[in-house]
Amino acid sequence: MEAFERVATVGITTNMIVYLTGEFGMETATAASVIFVWSAATGFTPIIGAFIADSYMGKYSMIGIGTIIGFLGMILLWSTAMIPQARPYCDQFNTICEAPTIPQLLLLYFSLGLISIGAGGIRSSFMAFGVDQLDERNNSHGFFNWCYVTLMFSSLIAVTLIVYIQDNMGWKMGFGVPVMLMFLSAVTFFLPSSFYIKLKPKASLLTGLAQVIVASFRNRHIALPSHAANEVYYIREGSMLQVPSEKLRFLNKACMIKNPQEDLTSKGTASNPWSLCTIDQVEDLKALIRVMPLCSAGIMLSVTVNQGSLMVIQAGTMDRHVTSNFEIPAASFSLFMMISVVVWIAFYDQIALPLASKIKGQPVRLGLKQRMGIGLLCSCASMVASAFVECTRRKIAIEEGFSDEPQAVVHMSALWVLPFHVLAGLSEAFNAIALIEFCYSNLPKTMSTIAANVHGLGGFTGNLVASLITSMVDNVTKKGGESWVSSNMNKGHYDYYYCLLAGLSMLNFVYFLVCCKAHGPCDGDTENEAENSGIGDHESIDDC
């Protein structure tokens, strides 16, 4: 189900900048900002979906509704290609386009919004729903790895087959095929419904977390006891936690019983849950707070990886011929990013780890933070490589007299953009999977859906930051003449722009090191600890 959805969504996203600039007549910077905001929305909706799934609807219902909404969104986007009145008029050479009207833009943005909401419903829950089908939660490590491989393989199909259809058969067919794939996604999901394990949602997690914040603020003047005493804390019936942890100690005031006669009912429950919370609620919030700094380090990585839209335009001005009769579509170069992810995961999981374990005589595995850090360094290196390639490409374009011809193809192989895609793929392979495992092993089992999606917060924020950076660079640099991110790449300075991102990425790596130091050791850092993590709702949190 998710493979079909990913082929459809990625197939649309990859070439969207070409559709917006060619069919809607948008400037490159404007189109890039639209895509960044759209990608940000697609990254944020799974976070909301995760809270709703864990608290109210359940994972199965969330995936089902997301599938239907995503299907409707793709039909509306398809209509912008099928109905001439749904998009501005452009001449046959796509050199002059009328400005899109407000209704045309509303239809476009509404369709993109529905696709984002649909993707949020599906992606918020499909990994956690898959883990629910496993006999033991400890099998999640292999599941996450190979699930990611499946998604990358689906994306490979999207950036080759779907992009080829769009470039050679037009947008009617190019958007029509994703619509059919989304329909197959829905059918694939709903047909075997009777075989699924469908766990019921718990009480509202979002409300419970909010209650801890309010209760700790209300009780801020209460002095905490100098030593742990069971009788002063509100313990949930059946809970394994008897006292709260000492980390983020100020939050312990939310579960501290001041006056048993006033704070508790005759049944032993809290008289006012906004003034007294259980230890479990407090530890849930602590766990979420403690993973957020390391998750936020992924923001800059998302900024760099999402520069792929600009790489499409860059590759379009370079020689893409592999043979005299075949050239790689500009948008298909992102397949090398996915190939690097798949190859590395397969090599790491099936060759590197078994070989290293055999040599050492015991299980060997890179720590989660080590993998996340390597991923951040790879993302920084990808921007350095991009700056070097663009500097060379721009110099050749000027020497060949193409300063005023942004669509002209320079005598430089487009294969030079491969270092960016390979390094960006490695950054995803190292950082993204490790971040999922990190969140899953350091958040309680009751927050499993949220754990599988907290890493997406970096992707959401990263797209917003990317849009903000692009807009700021465009506004600031064009005051001195031509913008760095000009629609004419030969007059702009995309190489300076990439250098700026490389510098910010290195600063982000320093921030990551500080967060690692503050966080301390994590139970997902070694194989044995990872196997023990997540056994109960909260047992492993204090060891992280």
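The values are calculated or read from the model by the stated rules, or taken from the named source; none is laboratory data. Model, not experiment: these values are computed from the prediction. Cβ coordinates were reconstructed from backbone atoms using ideal geometry, including for glycine residues, and neighbour counts include every protein chain displayed. Areas reflect the complete protein model, heavy atoms only, side chains present, ligands, DNA and RNA absent. Shrake-Rupley method; radii C 1.70, N 1.55, O 1.52, S 1.80 Å.
Details
- Summarised in one figure, the compactness ratio Rg/Rh of the chain, Cα atoms and Kirkwood Rh, is 1.01.
- By the Stokes-Einstein formula, at 1.567 mPa s and 4 °C, the stretch 465-518 with its Kirkwood radius over alpha-carbon pairs has D equal to 105 µm²/s.
- Those GluC sites (Glu not before Pro) in the stretch 245-290 that DSSP places in a loop and that have at most 10 other beta carbons within 10 Å: 246
- R0 of 41 Å, Cβ-Cβ distance residue 510-residue 355: FRET efficiency to nearest 0.05: 0.80
- Length added when fully stretched, residue 250-residue 194, from 0.36 nm per residue minus Cα-Cα: 15.5 nm
- Taking all protein chains as they are arranged and a probe of 1.4 Å, the heavy atoms of residue 167 leave approximately 80 Å² accessible to solvent.
- For residue 399 and residue 90, a Förster radius of 25 Å and the Cβ-Cβ distance give a FRET efficiency of 0.20, rounded to the nearest 0.05.
- Per residue of the chain, the DSSP helices (runs of n ≥ 4 H) give a summed -39500 (n - 2.57) that works out to -20000 deg cm²/dmol at 222 nm.
- Prolate/oblate/rounded call for the stretch 342-499, Cα gyration tensor, a/c under 1.5 rounded: oblate
- Sorting 397-409, 75-87 by average packing, meaning the other beta carbons within 10 Å per residue, from highest down gives 75-87, 397-409.
- The chain: relative contact order as a whole-number percent, Cα under 8 Å and 6+ apart: 21
- Gained length - residue 518 relative to residue 391, 0.36 nm times residue gap less alpha-carbon distance: 41.8 nm
- Ordering of 502-510, 126-134 by packing [mean C-beta count within 10 Å, highest first]: 126-134, 502-510
- Distribution of pairwise C-alpha distances over the stretch 1-202, 10 Å bins, in %: 9, 33, 34, 16, 7, 1
- Shape call, the stretch 205-277: gyration tensor on alpha carbons, a/c limit 1.5: rounded
- Taken along the Cα-to-beta-carbon direction at a fixed 7 Å, the label points for residue 146 and residue 370 span 2.5 nm.
- Three-way shape call for the stretch 172-214 based on the alpha-carbon gyration tensor, with the a/c threshold at 1.5: oblate
- At full extension, residue 224 and residue 258 could sit 11.2 nm farther apart than now, given 0.36 nm per residue minus the alpha carbon distance.
- Mean separation of Cα pairs under 8 Å and 6 or more residues apart, divided by the residue count, gives the stretch 1-151 a relative contact order of 34 percent.
- For the stretch 286-528, size of Cβ-based charge dipole, Lys and Arg +1, Asp and Glu -1, in debye: 840
- Using the Cβ-Cβ distance between residue 478 and residue 169 with R0 = 56 Å, the FRET efficiency computed as 1/(1 + (r/R0)^6) comes to roughly 0.90.
- Each Cα pair under 8 Å and six or more residues apart adds its sequence gap; the mean of these over the residue count of the stretch 286-528 is a relative contact order of 35 percent.
- 26 Å Cα-Cα reach of residue 247 towards lysines, excluding residues that sit fewer than 8 places from it in its own chain: 202, 258, 286, 369, 445, 517
- Segments 248-261, 287-300 sorted - mean Cβ within 10 Å per residue, highest first: 287-300, 248-261
- Each part reduced to its alpha carbon centroid, the stretch 38-84 and the stretch 231-271 end up 39 Å apart.
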